[in-house]
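These notes concern the structure reproduced below.
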Amino acid sequence: MPNPSNPSEPSLTPGAAANGAGADVLMGTQAVGPQPPASLWDQKPWWCQPWTIVLSGLIAIAGSWWLLQIAWITALVFVAIAVWWLLFLVLVPRAYKQSQS
């Protein structure tokens, strides 16, 4: 068992430096892990990129009109797609960028 009055004996405390020597080195180091991608889109698959989100939304709107030719249903589809675009193309990337700052 180490003697607290004798600093030359090693400490059994996990993470503690012997004699206090090197404690500033232990305290000053930080674990360096992989850095998060600079852009949210760097970590998304190809089918979840901005161009696919826009393209699939446009296809849904055009398909609604082509199949039904009812303006109010196409307008509802457009509103739903616009909310989807706002969420995934504006708000989520903005929140990701702010979380990285």
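Read-outs throughout are calculated quantities, based only on the coordinates presented, and are distinct from any laboratory measurement. Bear in mind that the values here come from a model prediction, so they are computed numbers and not experimental data. Glycine also receives a Cβ, built like all others from the backbone with ideal geometry; neighbour counts cover every protein chain displayed.
Taking a ≥ b ≥ c as the square roots of the Cα gyration tensor eigenvalues, the range 45-101 comes out oblate, since a/c reaches at least 1.5 and a/b does not exceed b/c. Rounded to the nearest 0.05, what FRET efficiency is calculated for Ala95 and Ile59 with R0 set to 25 Å and r the Cβ-Cβ distance? My answer for the efficiency is 0.40. Please give the FRET efficiency for Trp51 paired with Trp72, using the beta carbon to beta carbon distance and R0 = 41 Å, rounded to the nearest 0.05. The pair Trp51/Trp72 has a calculated efficiency of 0.90.
Between Val83 and Lys44, the simple label model (points 7 Å from Cα in the Cβ direction) yields a spacing of 1.9 nm.
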